[in-house]
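Comments concern the structure below.
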């Protein structure tokens, strides 16, 4: 079961990254071109939000069923264990919080420009944080 969840978590990460990238690019294009914020733009942001929250739930479940979960805390001098057991979960939770804040803030904004700007900033920061703490050596 652990292997399946780990592979699912890794596979779902591709979907999350693609949706976040599309959401950020769409928001930047919308902001720069000063276009109207439509329901399609909202749905792109919503799908990215749902995908990141789903990834968080899968990741938390994986973390607690992992044989490395509790054992890794005594070995923080090992860079690979520290990345997978501390840095990756912590930074990604912060990233998902930023994405969620961006989604919540956009609902209270009136102008399209401010909605696109909010998505660009919060979703962009979330994407950068996620990319910074991916365990690339385990992924490829």
Condition (residue is modelled with pLDDT of 95 or more, surrounded by fewer than 15 Cβ atoms within 10 Å (Cβ to Cβ) and touching a helix residue (DSSP H, G or I) at 6+ places or on another chain (Cβ under 9 Å)) applied to segment 54-74: is it met by at least one residue? yes
If residue 85 meets every condition in (1) surrounded by fewer than 20 Cβ atoms within 10 Å (Cβ to Cβ); (2) modelled with pLDDT under 85; (3) touching a helix residue (DSSP H, G or I) at 6+ places or on another chain (Cβ under 6 Å) apart from one, which number is that one? (1)
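One line per residue, one yes/no per condition, for (1) part of a helix (DSSP H, G or I); (2) over 17 Å from residue 136 (Cβ atoms); (3) modelled with pLDDT of 95 or more:
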residue	(1), (2), (3)
4	yes, yes, no
16	yes, no, yes
30	yes, yes, yes
46	yes, yes, yes
76	no, yes, no
96	yes, yes, yes
103	yes, yes, yes
If a residue has to be more than 12 Å from the chain's Cα centre (by Cα) and touching a residue at least 24 places away in the same chain (Cβ under 8 Å) to count, how many in segment 119-132 make the cut? 2
Report every pair of residues separated by at least 6 positions or lying on different chains whose Cβ atoms are under 7 Å apart, first residue within segment 24-36 and surrounded by 13 or more Cβ atoms within 10 Å (Cβ to Cβ), second part of a loop (DSSP other than H, G, I, E, B). 30/37
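The values are calculated or read from the model by the stated rules, or taken from the named source; none is laboratory data. The structure displayed is predicted, hence computed values, not measured ones. Cβ coordinates were reconstructed from backbone atoms using ideal geometry, including for glycine residues, and neighbour counts include every protein chain displayed.
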